[in-house]
Amino acid sequence: MAKALKEYYTVGCCGIDCGLCPRFYTKGESVCPGCGGKKFKDKHPSCGYLTCCVTEKGLEVCSECKEYPCRRFDKERKNYDSFVTHARVFANHDFIRKNGIEGFIVQQRIRMNILKDWLKKYDDGRSKSYFCLCCALLPLDALRTAHSFIVDLGGPFDSKEKNARLKDKLRVMAAKMKLKPQLNNAAK
């Protein structure tokens, strides 16, 4: 049986929020187990971040390394990767350096719980990626506000109407912060 390569597989060695990625919540063969999760090497056999960070140095994330940020992050600095959650890589690492990996995981679990609730109750079959991006990019207090808004929403609204209202609330909040939680254009 496959074993996890690291304890906190919901955060990538590189700093991405694996636990907030649509592929983490996918059903079937294309599901991603998270960084270093069970069968990770089957999905991502040549991840240089994992090899250096976990296999060679025994760390959970790159920001625990005294050499961070190394040259491996040069492409990230230049916004090379179009994967939207990469927009938070450096902020995530900064948080981990300041508060520790456990502090980050506490915050991330709150985000993941909000996301799981939205996916269970308000996903119309086409909103998973959008909800994941919002949970990865928006500040935690904004997510809590949006979550309270939709949970407290009264009236005779069905799940389709609640989905529309939640997405509208998230769009307004993101626009005020000059964030664009969409697949083709991340932040700013």
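Out of Lys98, Lys75, which single residue is surrounded by fewer than 19 Cβ atoms within 10 Å (Cβ to Cβ), among the charged types (D, E, K, R) and closer than 22 Å to Gly34 by Cβ? Residue meeting the stated conditions: Lys75. When Thr55, Thr10, Thr51 are checked against the criterion of being within 25 Å of Tyr130 (Cβ to Cβ) and among the polar types (S, T, N, Q), a single residue qualifies: Thr10. The single condition among (1) touching a Leu at 6+ places or on another chain (Cβ under 9 Å); (2) at pLDDT below 90 that Lys78 does not satisfy is (1).
Residues of the stretch 116-137 that are within 11 Å of the chain's Cα centre (by Cα) and more than 27 Å from Leu59 (Cα to Cα): Ser129, Phe131, Cys134.
Under the condition of being outside any loop (DSSP other than H, G, I, E, B) and among the hydroxyl-bearing types (Ser, Thr, Tyr), which residue from the stretch 1-55 is modelled with the highest pLDDT? Spell out how you get there, then give the answer.
Initial filter on the stretch 1-55 (outside any loop (DSSP other than H, G, I, E, B)): 18-20, 22-25, 40-43, 48-55.
Filter once more, keeping what is among the hydroxyl-bearing types (Ser, Thr, Tyr): 25, 49, 51, 55.
Numbers: Tyr25: 93, Tyr49: 90, Thr51: 90, Thr55: 90.
Only one residue tops the list, namely Tyr25.
With respect to Cys65, determine if the residue is buried (at least 17 other Cβ atoms within 10 Å of the Cβ) and either of a type outside the set (Gly, Ala, Ser) or in contact with a Lys or Arg (Cβ under 9 Å, 6 or more places away or on another chain) (or both). The answer is no for Cys65. Number of residues in the stretch 10-34 that are without any contact (Cβ under 8 Å) to a residue 60 or more places away in the chain and closer than 18 Å to Ala91 by Cα equals 3.
The values are calculated or read from the model by the stated rules, or taken from the named source; none is laboratory data. These numbers come from a predicted model, not from an experiment. All Cβ positions, even for glycine, are placed from backbone atoms using ideal geometry, and neighbour counts span all protein chains on display.
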